[in-house]
Amino acid sequence: MKSRDWDERYAAVDLVWSAGPNRWVEELASDLPPGRALDVAAGEGRNAIWLASRGWTVVAADFSPVAVERAQRLGADQLGEAADRFTSVVSDALEPAPEGGPYDLVLFSYLQLPAGERRRAWARGIEAAAPGGRVVVIGHASRNLSEGWGGPQDPAVLYDPEAVVAEVSDQPVDVESAELKVRPVGTDDGTHEALDTVVVLRRR
């Protein structure tokens, strides 16, 4: 999808994604000491705003101007006096990271791109990370198509943990963890299980 397609999607409803942080972001970042963070393809900023509420200085980047404006507004509404720790900017994941780094945490939360494009995005994120900083990749897994529920149905944009590890093998990072995780999803007809890729990299 192009940025204008996401503009239309965000403009059509008050909130596309849930208001709270992604469960894996919350699980991984809760015990990290606050620093500087970059949320790539941040959408409406739910993860970035949560990080800022916990003391991080956060740049939320997205290529949809509508999402960026909404994230800035939500950040101002929810963070109060801490809003100065949160910035939302228009930026493409395939281009150099926005100013504000180097970052102690670079987050990719459900950036679903074809292999060539996502390798480029991972490389840009790793470039922006400080030495010792973490790059966290969370995405809909390829195995979700056959073993899980929901999510994108195009196999070209899905990736299992092994794929992410292979795609960053030439980058200056060490793999801290690479897991396939089960995410319960509540629906009107009960709870289903989605399969997510969760990879944590450490910049050398």
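Worth pointing out:
- Some residue of region 180-194 being small (G, A, S) and closer than 21 Å to R119 by Cα: no
- Answer residue from region 187-204, given it is in contact with a strand residue (DSSP E or B) (Cβ under 8 Å, 6 or more places away or on another chain) and surrounded by fewer than 13 Cβ atoms within 10 Å (Cβ to Cβ) and is farthest from L145 (Cα to Cα) among those: R204
- Look at (1) of a type outside the set (A, V, I, L, M, F, W, C); (2) at pLDDT below 95; (3) part of a helix (DSSP H, G or I) and you find that E99 fails only one, number (3).
- Long-range neighbours under 9 Å by Cβ, at least six apart or interchain, first residue surrounded by 24 or more Cβ atoms within 10 Å (Cβ to Cβ) within region 117-129, second in a helix (DSSP H, G or I): W122/V164; W122/E167
- Among the residues of region 47-65, none qualifies, meaning not one is touching a residue at least 40 places away in the same chain (Cβ under 8 Å) and either on the phi > 0 side of the Ramachandran plot or of a type in the set (K, R) (or both).
- Candidates V198, V135 - the one that is over 16 Å from L38 (Cα atoms), assigned to a strand (DSSP E or B) and touching a residue at least 60 places away in the same chain (Cβ under 8 Å): V198
- Residue within region 46-60 that is of a type outside the set (D, E, K, R), more than 22 Å from D31 (Cβ to Cβ) and assigned to a loop (DSSP other than H, G, I, E, B) present: no
- Selected residue [at pLDDT 95 or above, farther than 28 Å from D160 by Cα and among the acidic types (D, E)] from D62, D92, D84: D84
- Selection count where residues are surrounded by 15 or more Cβ atoms within 10 Å (Cβ to Cβ) and part of a strand (DSSP E or B), scope region 141-184: 5
The values are calculated or read from the model by the stated rules, or taken from the named source; none is laboratory data. These numbers were taken from a predicted model, which means no experiment stands behind them. Please note: Cβ atoms are built from the backbone with ideal geometry, for glycine as well, and neighbour counts cover all protein chains shown.
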